[in-house]
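Note sheet for the following structure.
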């Protein structure tokens, strides 16, 4: 709560207070009778009474009352504020490939870990959105349904590893599972971010068919192809430890591009960690949550307590002046 004044120009009247005080003491000194003594030593043993010490109290009370009335005339007002926040979130499904080829180390430390890190950063910036996680390789699985409890989602992300599911690349099945998770959503915007590094070679659902289903339910699909151009180092377990083989990077970009175009999304190609982060940043900018903030202000008049205080001071001044501090004419 803050205090404002409707008529602050009245504060200029406070300059009268020291002038009135000065005039009071000037006139008081002029009224004092003068008696000449040869020595003041005789008065040293005489102490002032409490009545003498309080002789100026009525004037002090009167000046205080005047000061309070001036502040009341400035019309103090209390202002309280409240906000009504209306958040129009977006429902997002992160659909991530965890097939064996995602262990390739053209990304650091590898494709799957780089994808997890960038996705976690993306989640951290979407506080008002419901987000789900679907993983796929040779089959698809919902790791986490739509939720606003992002702490749970982040913990589930940390447990994702290649080899959790049958190996392969079932892009169509992964997308179909993501669509199934979000199709009944009432959110104004429904989005799937599909990330893969390969070509559809498993599952019973064709990727383009899954894209058509997404379009039917008004779901926008952003597709991301992950992998460098040419060949990438891939770790292989051997009796002599981990050996690296160069694997050709094969991404079905035509299919991914077509799915994105049909659903109103966009296709991206990430060839390294920085490019992948830039892609998620761009999607984040394109899919902004709408937050409407309506601010309410309520004003209350606060002059009445000051008026009452001023009247109380005047009453105290009158009591003191005409009772225990009364002087004879």
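Within 10 Å of each residue's Cβ, count the other Cβ atoms and sort 108, 154 from fewest upward. Walk me through the numbers on the way to the answer.
On the way: 108 11, 154 16.
By the 10 Å Cβ count, ascending, the order reads 108, 154.
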Check: What length, rounded to one decimal in nm, is gained on full extension from residue 105 through to residue 204, with 0.36 nm per residue of separation minus their alpha-carbon distance?
Finding: 32.7 nm
Margin query: Between 0 and 90 degrees, rounded to the nearest ten: what's the tilt of helix 273-286 against the longest Cα principal axis of the chain?
Written below: 60
Check: Using Cα pairs under 8 angstrom and six or more residues apart, how large is the relative contact order of the stretch 90-288, in percent?
Finding: 24
Check: In the Gaussian network model of the chain, springs joining C-alpha atoms below 10 Å, which of 58, 233, 109 carries the largest mean-square fluctuation?
Finding: 58
Next item on the list: Between 168, 22, 125, find the one with the highest GNM mean-square fluctuation for the chain; connect C-alpha pairs within less than 10 Å.
Entry: 22
Notebook entry, point to check: Roughly how many nanometres apart are two label points built 7 Å out from the Cα toward the Cβ at residue 29 and residue 315?
Noted result: 3.7
Next item on the list: Relative to the longest principal axis of the C-alpha atoms of the chain, give the angle of the C-alpha long axis of helix 171-182, reported between 0 and 90° and rounded to the nearest 10°.
Entry: 30
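Based on the Cβ-Cβ distance of residue 149 and residue 242, what FRET efficiency does E = 1/(1 + (r/R0)^6) give at R0 = 45 Å, to the nearest 0.05?
0.75
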Check: So if we plug the beta-carbon distance of residue 124 and residue 14 into 1/(1 + (r/R0)^6) with R0 = 56 Å, what FRET efficiency do we get, rounded to 0.05?
Finding: 0.55
Item checked: Distance in nm between pseudo-label sites at residue 158 and residue 186 (7 Å out along the Cβ direction from Cα) -> 3.5
Check: Given labels modelled 7 Å from the Cα in the Cβ direction, how far is it in nm from residue 21 to residue 278?
Finding: 7.1
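Summing -39500 (n - 2.57) over the DSSP H runs of n ≥ 4 in the chain and dividing by its residue number, what mean residue ellipticity at 222 nm do you reach, to the nearest 500 deg cm²/dmol? Numbers along the way, then the final one.
Numbers: 10 runs with 127 residues, N = 329.
Mean residue ellipticity, 222 nm, calculated: -12000 deg cm²/dmol.
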Notebook entry, point to check: In the Gaussian network model of the chain, springs joining C-alpha atoms below 10 Å, which of 151, 189, 162 carries the largest mean-square fluctuation?
Noted result: 151
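Of the DSSP beta bridges with both residues in the chain, give the percent that are antiparallel, rounding to the nearest 5. All intermediate terms of the calculation are to be shown ahead of the outcome.
Numbers: 29 of 53 bridges.
DSSP beta bridges in the chain are roughly 55 percent antiparallel.
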Notebook entry, point to check: Against the longest alpha carbon principal axis of the chain, how many degrees, from 0 to 90 and to the nearest 10, is the axis of helix 207-216 turned?
Noted result: 40
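Computed from the coordinates by the stated procedures, all read-outs in this text should not be read as laboratory data. This structure is a prediction, so every number in the text was calculated from the model and none was measured. As a convention, Cβ positions derive from the backbone with ideal geometry for all residues, glycine included, and neighbour counts pool all protein chains shown.
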